[in-house]
Amino acid sequence: FEREKYNPRNDIMTAKDTTPLMTACYYGHLRPVELLIAGGADVNCPTDNTNTALIVAAAKGQTGCALKLMEAGAQVNKCNIFGWKPLHFAAHGGFADIVIELLKNGARDSLRSILQISIKETRRARRHKRWQLMRGTKRS
């Protein structure tokens, strides 16, 4: 009995528009990330909204997963359809260790750009909260 080589189909999207690699990064499961990468998973495979596994890892603060993805050649300056890069997500989430690693690996963006996006998102969230309070769908 010869064991077949594991071949992850990283191009197959789940019902929630993610890949197996993105799901592992979302939950911070480092061993599955390593296995998927070793099996040939595309670390730059985008979803419909062009998020990548590195964007997911940066947004969720999963430093170990982000490091593995960068080691495997993940593009650190790739942005999604909203113009957000992994650096934006890490900075917005307050994940300084990921920000530092992204910068070490060639991430480029101005601090002004990152702050402008964070300010816009903060304002949008505040407006949304006020709207929910006015409609009575959220309690203060």
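The values are calculated or read from the model by the stated rules, or taken from the named source; none is laboratory data. In this text, all values refer to a predicted model and were calculated from it rather than measured experimentally. Methodologically, a virtual Cβ is constructed for each residue, glycine included, from the backbone with ideal geometry; neighbour enumeration extends over all protein chains shown. We work out accessible area using only protein heavy atoms, side chains counted, and drop any ligands, DNA or RNA first. Shrake-Rupley method; radii C 1.70, N 1.55, O 1.52, S 1.80 Å.
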Can you tell me which residue in segment 54-69 is surrounded by the most Cβ atoms within 10 Å (Cβ to Cβ), limited to those that are in contact with an Asp or Glu (Cβ under 9 Å, 6 or more places away or on another chain) and assigned to a helix (DSSP H, G or I)?
-> 66
Somewhere in segment 112-124, is a residue modelled with pLDDT under 95, in contact with a helix residue (DSSP H, G or I) (Cβ under 7 Å, 6 or more places away or on another chain) and open to solvent by 60 Å² or more (accessible area, probe 1.4 Å)?
-> no
Has segment 82-96 got at least one residue that is open to solvent by 50 Å² or more (accessible area, probe 1.4 Å), modelled with pLDDT of 95 or more and over 19 Å from residue 17 (Cβ atoms)?
-> no
In this structure, does residue 138 turn out to be in a loop (DSSP other than H, G, I, E, B), more than 18 Å from residue 50 (Cα to Cα) and modelled with pLDDT under 90?
-> yes
Can residue 51 be described as crowded, with 21+ Cβ neighbours inside 10 Å, part of a loop (DSSP other than H, G, I, E, B) and at pLDDT 90 or above?
-> yes
When restricted to 28, 40, the only residue of a type outside the set (Asp, Glu), in contact with a helix residue (DSSP H, G or I) (Cβ under 7 Å, 6 or more places away or on another chain) and surrounded by fewer than 22 Cβ atoms within 10 Å (Cβ to Cβ) is 28
